[in-house]
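What follows draws every value from the coordinates through simple rules; no lab data is involved. Fair warning: this is a prediction, and the values are worked out from it, not measured in the lab. Backbone-built Cβ (ideal geometry, glycine too); neighbour counts: all protein chains shown.
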Amino acid sequence: MSAPDSLKDVYLDEMKDLWSANDQMARAVRQLSEGASDPKLKQMLQDSVGGITKHTETLKSLIEENGGQTSPEHCKGMEGLVAEALKHGLKEAPSDGRLRDVQIIAQYQRMSHYGLAGFGSAAAYAKALGKSDQENRLKSAVSEIYKSDEVASRLAESVERAAA
């Protein structure tokens, strides 16, 4: 891949990176949900896979609308976050379910925050490019990710109290 020549190229690159990040995160979250012991956490993780998939469809649509090639660009940043999430949330996780849940939530939030940064940047690029409809669609994804993060934070607080 060559260096971008315009803001539109940067915008498309960001969305392709996010597509890959979302695909990787969805696979990891499915696995993490299997390791969760708290039923509310398990449900939140399963529900979030649907949100991630929805956001990926938005990205694909926006890439097409901008004349971009509809294929993801492998996201090495999310690759590292996924490796850490699976390590701490499953492979080297505590046997105590409550402690494992604490780690799963932390890893989920790390991956989500990476997505927030990317979707927020993409929304800013859309705005700068005068694509207000696309900006709004990306901001909607940001809002949904924030809501999911808030749910994860509340779950973390309740699980942490139980683990203490």
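The set of residues from segment 34-55 being surrounded by 20 or more Cβ atoms within 10 Å (Cβ to Cβ) and in a helix (DSSP H, G or I) comprises LEU41, MET44, LEU45, SER48, ILE52, HIS55.
Is there a residue in segment 89-100 that is part of a helix (DSSP H, G or I), within 18 Å of the chain's Cα centre (by Cα) and closer than 20 Å to SER153 by Cα? Within segment 89-100 (the criterion being part of a helix (DSSP H, G or I), within 18 Å of the chain's Cα centre (by Cα) and closer than 20 Å to SER153 by Cα), the answer is yes, since at least one residue qualifies. Within segment 56-67, at least one residue is within 17 Å of the chain's Cα centre (by Cα) and loosely packed, with under 15 Cβ neighbours inside 10 Å.
Among the residues of segment 1-25 satisfying the criterion of being outside any helix (DSSP H, G or I) and without any contact (Cβ under 8 Å) to a residue 12 or more places away in the chain, which is surrounded by the fewest Cβ atoms within 10 Å (Cβ to Cβ)? Among those residues, the one meeting the criterion is SER2.
Table: residues versus (1) surrounded by 14 or more Cβ atoms within 10 Å (Cβ to Cβ); (2) farther than 16 Å from SER48 by Cα; (3) β-branched (Val, Ile, Thr).
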| site | (1), (2), (3) |
| --- | --- |
| GLU73 | yes, yes, no |
| LYS87 | no, yes, no |
| ASP96 | no, yes, no |
| ILE104 | yes, no, yes |
| ALA128 | no, yes, no |
| ASP133 | no, yes, no |
